[in-house]
Structure formats: C-alpha cells, structure tokens
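The values are calculated or read from the model by the stated rules, or taken from the named source; none is laboratory data. Here the structure is a predicted model, which means the values were calculated and not measured. Here the Cβ positions follow ideal geometry from the backbone for every residue, glycine too, while neighbour counts run over all protein chains shown.
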Amino acid sequence: MTPLLAKLLHLAGMVGWWLIRRPFARKSKRNLILHNSRDGREWALLTVSTAGLGVIPFVYIVSGFPAAANQAFSPLRAWFGAATFSAALCLFHATHRALGRNWSVTLAVREGHELVTRGVYRYLRHPMYTAFWLWAVAQALLLQNWIAGPAGLIGFGTLYVFRIGREEALMRGTFGTAWDEYAARTHRILPFLH
C-alpha cells in the first residue's frame with residue numbers, strides 16, 4: 001500500500017457511497033413529505049459533516065494540501081482503513097435497502113412512512129450512523145494527514161452529537177409506543193454497547 005493508493009481507495013469509497021445513495025435519493029423524492037425538520041441547525045450540521053467527510057478529504061486527495069500536516073505513512077493502517085471503508089459501504093447499502101422509500105437525507109417524515117425494524121434495523125436503531133462512523137474511522141486510517149484524516153470524525157461527530165436526540169424525538173412523536181418498544185430492544189449504533 002502506498003499513500004497514492006490509499007488516497008485512490010478513499011476516493012473510490014466516496015464514489016461508492018454516491019453510487020449507493022443516488023437511486024434511493026431519486027426514489028424518495030416521489031414521496032410527499034408530511035413533516036420536515038429542515039431548519040438552519042439541520043443545514044449547518046449537514047454542512048459541517050459534508051465538509052469533514054467530503055470537501056476536506058477531496059481537496060487533500062486531489063491537491064495534497066495541506067502536505068505539511070502529513071503523517072509518517074503506515075501501509076498497515078491504510079489496509080485497515082480500506083477494510084473499514086469496505087465494511088462501511090456494505091452496511092450503508094444494507095441500511096438503504098432496508099429503508100427503501102422511507103429514507104431521507106434530513107429529518108423528515110414522508111407520507112406512508114413506516115417504522116423500519118427489518119434487516120440491519122432489527123439490531124440497531126441507527127445503522128446508517130454506524131456506517132458513517134466507520135467511514136470516518138476509515139478516512140483517518142487511509143488519509144494519514146493530521147487535518148484530512150480526522151476531519152471526518154470531527155465533521156460527522158458534530159452532526160451525530162447534535163442530531164441524534166432530535167431524530168429519536170421525531171421518531172417517538174411519529175410512532176409513539178411502537179418506537180418506545182423498538183428502542184427498548186435495540187441499541188443506537190453499536191450492538192450490545194450503545
């Protein structure tokens with residue numbers, strides 16, 4: 001593994017993420033939104049997360065900036081990063097398949113929205129967030145730069161911390177006791193831990 005290959009693998013993972021999400025984004029636009037929490041806070045969180053997982057690593061991959069923040073390259077770390085990104089993409093695809101037309105990039109409830117408890121949602125309430133955490137870890141392992149590497153952890157971590165409570169409140173308000181029962185038997189993002 002070389003630094004260039006690590007960058008290319010990370011870029012391939014970003015493209016893979018887009019290829020997985022694109023068809024679901026198109027399908028979900030056909031469903032009428034009944035409730036949307038798309039406010040300034042939501043857009044700010046999405047912007048911070050996109051900067052950390054998208055913009056900053058992309059700039060680093062294509063330009064090498066900021067090269068002064070590069071770390072000593074470890075091929076072993078990079079291989080672990082590639083494996084972690086592969087796992088993130090597999091989980092990301094599984095979450096989209098389970099959600100189907102219920103998926104939304106923002107906190108929204110659509111017409112005919114159902115509480116999804118099948119597939120990976122049988123074990124975790126927010127496996128898509130787990131996939132994003134894996135992506136952020138993979139980024140830190142693949143892009144061995146003190147800025148581009150941890151940018152995903154900071155960017156997505158900010159979104160997660162300030163959004164998860166709102167999302168669970170929206171689900172509780174929409175599905176009531178069905179949500180409470182589901183939440184009681186599942187973990188948020190890590191099986192048996194959180």
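Looking at the structure I just gave you, is E167 at negative phi, of a type in the set (D, E) and under 15 Å from the mean Cα position of the chain (by Cα)? Don't jump to the end; show me each part of the working.
Working: at negative phi: yes; of a type in the set (D, E): yes; under 15 Å from the mean Cα position of the chain (by Cα): yes.
Yes, satisfied.
Taking region 111-161 on its own, how many of its residues are under 21 Å from R41 (Cβ atoms) and of a type in the set (V, I, T)?
The number of residues fulfilling the criteria is 3.
Would you check which residues across region 148-183 are closer than 10 Å to S49 by Cβ and either among the hydroxyl-bearing types (S, T, Y) or touching a His at 6+ places or on another chain (Cβ under 7 Å) (or both) and list them?
T158, Y160
Pairs, please: C-beta under 7 Å, at least 6 apart or cross-chain, first residue at negative phi and in region 25-52, second modelled with pLDDT under 85 and part of a helix (DSSP H, G or I)?
From residues that are at negative phi, the pairs are K27/R101; S28/R101; N31/R101.
Quick check on region 124-150: of everything there that is in a loop (DSSP other than H, G, I, E, B) and under 16 Å from the mean Cα position of the chain (by Cα), which residue is nearest to V62 (Cα to Cα)? Walk me through how you get there before you give the answer.
Just the residues of region 124-150 that are in a loop (DSSP other than H, G, I, E, B), to begin with: 125-126, 143-144, 146-147.
Keeping just the survivors that are under 16 Å from the mean Cα position of the chain (by Cα) gives 125-126.
On the way: R125: 36, H126: 32 Å.
Applying the filter and picking the extreme gives H126.
Condition (residue is in a helix (DSSP H, G or I), modelled with pLDDT under 95 and on the phi < 0 side of the Ramachandran plot) applied to region 65-85: is it met by at least one residue? I'd like the intermediate steps shown before the answer.
Keep residues of region 65-85 that are in a helix (DSSP H, G or I), which gives 67-69, 75-85.
Next, only the ones that are modelled with pLDDT under 95 stay: none.
For region 65-85, residues in a helix (DSSP H, G or I), modelled with pLDDT under 95 and on the phi < 0 side of the Ramachandran plot: absent.
Within region 88-113, can you find the residues that are buried (at least 18 other Cβ atoms within 10 Å of the Cβ) and touching a Gly at 6+ places or on another chain (Cβ under 7 Å)?
Once the filter is applied, which keeps residues that are buried (at least 18 other Cβ atoms within 10 Å of the Cβ) and touching a Gly at 6+ places or on another chain (Cβ under 7 Å), region 88-113 yields L89, A98.
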